[in-house]
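The values are calculated or read from the model by the stated rules, or taken from the named source; none is laboratory data. Predicted model only: the values in this text are computed from it and were never measured. FYI the Cβ positions are ideal-geometry reconstructions off the backbone, even for glycines, and counts take in every protein chain you see. Note: accessible area is taken over every heavy atom of the protein model, side chains too, but ligands, DNA and RNA are not part of it. Shrake-Rupley method; radii C 1.70, N 1.55, O 1.52, S 1.80 Å.
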Amino acid sequence: METVILAVVIAVVVLAALGGLIVGSRRQKTLPPPPPSTPDITAPPAEPHVGDEAETPRDEPRRSIEEVDLPGAGATVAVEEPPAVEAPEIEIPEPTAGRLVRLRARLSRSQNALGKGLLTLLSREHLDEDTWEEIEDTLLTADVGVQPTQELVERLRERVKVLGTRTPEELRTLLREELLKLIGTDVDRTVRTEPEDRKPGIVMVVGVNGTGKTTTTGKLARVLVADGRTVVLGAADTFRAAAADQLQTWGERVGAHTVRGPEEGDPASVAFDAVKEGKELGVDVVLIDTAGRLHTKTGLMDELGKVKRVVEKHAPLDEVLLVLDATTGQNGLVQARVFSEVVDISGIVLTKLDGTAKGGIVIAVQRELGVPVKLIGLGEGADDLAPFDPEAFVDALIGD
C-alpha cells in the first residue's frame, strides 16, 4: 500500500513538471499582430505644374538683409583680372637707301633672258640680218614692246656700225646707255607723300586681284616707316575675305594703325574715315588699299572712282599707285590703260620681277602710260619692295 501511494505521488510530480515546461515554451513565442481592418494607402506625389517647384518646398531658416554681413568700406574685394594681351612686337624695317642694289640677285632670271641674251648676240663676229632679228625677238619676248624694240634695235645698229671692232666691255657700255635712254633717268620717281601745305599725304593703291596689291600696301607702309614717317592704313578692300585682316597684320608689325569697316561694307566710307583719322592723329601718310576687282567690270571701276571722289572731300590725292604683276605682260598694259582712265594713275608698282624673264615690262608700261615706275617688288620677303633706281636696274639686267 505504501508502495502504491509513493508511485502515485511520483506520477503527480512528473505530470506537474511536464505541464510547467509546456506553458513556459508557449510564452516564449510572439504571435503576429492582427491585420488592420482598413489598409493605409499612400497617394503618389502630384506632378509639378508650370511655374511650380519640382520639389516640395521645405521650411528653412532665412536671414534678412540686415542680418547679412556686408564687407566694410575698407575691405578689399578680389577681382580676377583677364589675362593680359601681349602687344605685337614692333619690327624695324630695312632702310630703303640702296635696297635695290642689295636685292639685285633677285633679277637674275630677267638678267639671263634680256641682258645676257643681248650681249651674247651683239658679241657675234658678224651681225647679219638673222642676228638682228634674234635681237628683236629677245626684246619682244622680254615684253619691251614693239615700238621701244624698234627704236632700240635701230640705235644699236647705228652705234655698232660706227664702233667697228667691239670688245665685251664696249658692248656692255653701249647696251647700258641705250637701255637707260629707254627707261629714262631724268624722271621724278619719288612717291609723293609730303604735301607742302598740309598733313597727311594721301596715297591710294589700286590694281586687280592677284597682283599683290594688299601685300604691296603693307610693304609700302614698311618703306615709309623705314624713312621715318608715321602711317595710317585704310582697309577699303571690303569685298575680299580677310583683306582687312591681312592689311592690319602688316600695320601692326610696324606700329601703323589700321582703319577698317564691316565686310562687304562701303569702301568709300572706310577710305573717308581713314583720312579723317589720319588727320586727327597727325600722321604723315594715309595709305588706302582699294578693292581689286576685275578691270572689265564697269560698275566696279565706277566704284573706284567714287572712292577717289569721297577721299578728295578731305584733300586732293597726292599719289595713285597702280600695282601690276610683271608676269602678266601685255595683259597688264590693258589693265593699266583702264585704271588710268578712272583714277589718274601717277605711279606704277611692278611686283614679281624676281620670278620672271620679262623685265622689259618696265619700259613698255612707262611708254604706254607716260607714268614712271616708282617701286618694284623682288620677292616674298617683308622688305623686298624697293624704290626703282634705273641705273641699278639696268646694271642688274646686263651684269657687271
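Which value, in debye to the nearest 20, gives the size of the charge dipole of region 142-229 about its Cα centre, when Lys and Arg are +1 and Asp and Glu are -1 at the Cβ? Don't jump to the answer; show the numbers that get you there.
Values: 16 positive and 14 negative charges, 63 e Å.
The dipole of region 142-229 has a size of about 300 debye.
From the residues Val259, Gly228, Pro200, which one has its Cα farthest along the dipole of region 169-313 in the positive direction, the dipole being from +1 and -1 charges on Cβ of Lys/Arg and Asp/Glu about the Cα centre? Positive-end residue among those listed: Val259. Taking square-rooted eigenvalues a ≥ b ≥ c of the alpha carbon gyration tensor, is region 176-234 rounded, prolate or oblate, where a/c under 1.5 means rounded and, failing that, a/b exceeding b/c means prolate? Note, shape of region 176-234 comes out oblate.
Here the Karplus relation 6.51 cos²θ - 1.76 cosθ + 1.60, evaluated at θ = phi - 60°, turns the backbone of region 228-244 into coupling constants of x, 9, 9, 9, 10, 9, x, 8, 8, 8, 8, 9, 8, 4, 6, 5, 5 Hz, with x for every Gly and Pro.
On alpha carbon coordinates alone, what is the Rg over Rh value for region 161-297, Rh being the Kirkwood radius? Intermediate values should be presented prior to the final figure.
Working: Rg = 20.3 Å, Rh = 17.0 Å.
Reported Rg/Rh, Kirkwood definition of Rh: 1.19.
With one equal scatterer per alpha carbon and no solvent term, the Debye-computed log10 I(q)/I(0) for region 98-235 at 0.14, 0.22 1/Å reads -0.83, -1.40.
Taking all protein chains as present, what is the carbon and sulfur share of the accessible area of region 250-400, in % to the nearest whole number, probe 1.4 Å? Intermediate results must be reported in sequence, preceding the final value.
On the way: 2570 of 5600 Å².
Carbon-and-sulfur percentage of accessible area, whole number: 46.
Computed over region 217-291, the P(r) curve from all C-alpha pair distances, binned at 10 Å from the origin, holds 24, 56, 20, 1 percent per bin. Close amide H partners of Phe239, meaning residues 5 or more places away or on another chain with modelled amide H under 5 Å apart, are Glu264.
Close amide-amide hydrogen proximity is noted between Ile202 and Val286, Asp318, Glu319, each under 5 Å apart and 5 or more residues distant or on a separate chain (H modeled in the peptide plane; Pro and chain starts excluded).
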